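Structure, as structure tokens:
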């Protein structure tokens, strides 16, 4: 893995982790599904406008359309939608920690379903990382965290794993911004149905909420998604997914800084284990691996 990929992965991990804090701020003042649908609608229009200005073609192949739909539903409607609902009762730091289980889901699906080869050292590293996540989650569960919220976060992580494996085919024909824009609009469309059926339009638009909403649209929503596509095309899905192991470190730190969420001793130990796991997984990778 080259230096540019490593730096890109670190930036992605920090931005992705920050989204949990901004989301926590938003969902305590707005209906989660409705505000998510609005967010993806705005972001999708902006990204497609950028794609048009850059001269990208809006004509996608049939496989690209199929995988773009999968990605839009899995990442935006399921993963992000479920996380927004969960963070009404789950701390931002815990949601970020659960999200770091993504590499295990990605590796297992790639191994069992797509028949991709993963070396034993890599598998050991993935399970070591999950052990760190479980250690952190165990301490949180015993302190009375909402189990339904945790379950929603876990289901969302599984959906994101499917989306991660779909990215490769969706972006293989170029026109990355077009793919990103359409998958955001697809996610928005999928969320409007449950949002209209279950939520009331009650918003508390204060300056901090507006700032968090705009930040979520432009930084984690647009910038991080485009960066994620770039990472997957450059180093492959399994390698790129390992950067999600950094999500607990950044997620806990940002939530503690901005939301005054507590940092527990087991959190620190778990993050240390997860960091070691990243190194093990990276060292196990063959240069030609996807």
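The values are calculated or read from the model by the stated rules, or taken from the named source; none is laboratory data. Predicted model only: the values in this text are computed from it and were never measured. Here the Cβ positions follow ideal geometry from the backbone for every residue, glycine too, while neighbour counts run over all protein chains shown.
Would you pick out the residues in segment 5-14 that are in contact (Cβ under 8 Å) with a residue 60 or more places away in the chain and closer than 18 Å to residue 233 by Cβ? Residues satisfying the conditions are 5, 8, 9, 10, 11, 12, 13. Can you confirm whether residue 71 is within 24 Å of residue 227 (Cα to Cα) and modelled with pLDDT of 80 or more? Judged against the criteria, residue 71 is a match. Report, by residue number, each residue of segment 135-145 that is surrounded by fewer than 17 Cβ atoms within 10 Å (Cβ to Cβ) and under 18 Å from residue 83 (Cα atoms). Once the filter is applied, which keeps residues that are surrounded by fewer than 17 Cβ atoms within 10 Å (Cβ to Cβ) and under 18 Å from residue 83 (Cα atoms), segment 135-145 yields 141, 145. Tell me yes or no: at least one residue of segment 234-248 is touching a helix residue (DSSP H, G or I) at 6+ places or on another chain (Cβ under 6 Å), at pLDDT 80 or above, over 19 Å from residue 80 (Cα atoms) and surrounded by fewer than 16 Cβ atoms within 10 Å (Cβ to Cβ). Yes: segment 234-248 contains one or more residues that are touching a helix residue (DSSP H, G or I) at 6+ places or on another chain (Cβ under 6 Å), at pLDDT 80 or above, over 19 Å from residue 80 (Cα atoms) and surrounded by fewer than 16 Cβ atoms within 10 Å (Cβ to Cβ). Checking every residue in segment 51-62 against the condition of being crowded, with 19+ Cβ neighbours inside 10 Å, in contact (Cβ under 8 Å) with a residue 40 or more places away in the chain and closer than 13 Å to residue 181 by Cα gives at least one match.
Every test in (1) under 20 Å from residue 15 (Cα atoms); (2) modelled with pLDDT under 80 is passed by residue 80 save one, and that test is (2).
If the requirement is being surrounded by 22 or more Cβ atoms within 10 Å (Cβ to Cβ), modelled with pLDDT under 80, more than 24 Å from residue 85 (Cβ to Cβ) and touching a helix residue (DSSP H, G or I) at 6+ places or on another chain (Cβ under 6 Å), which of these qualifies: 166, 170? After applying the criteria, what remains is 170. Selection of first residues in segment 265-286 that are closer than 25 Å to residue 236 by Cα and of second residues that are at pLDDT below 70 and assigned to a helix (DSSP H, G or I), restricted to Cβ pairs under 9 Å at least 6 apart or on distinct chains, gives the following pairs, ordered by first then second residue: 281/238; 285/238.
All of (1) modelled with pLDDT of 85 or more; (2) touching a helix residue (DSSP H, G or I) at 6+ places or on another chain (Cβ under 6 Å); (3) closer than 21 Å to residue 12 by Cβ hold for residue 199 with one exception: (3). Flag set for residue 34, criterion: at pLDDT 90 or above, surrounded by fewer than 23 Cβ atoms within 10 Å (Cβ to Cβ) and either closer than 18 Å to residue 257 by Cβ or touching a helix residue (DSSP H, G or I) at 6+ places or on another chain (Cβ under 6 Å) (or both).
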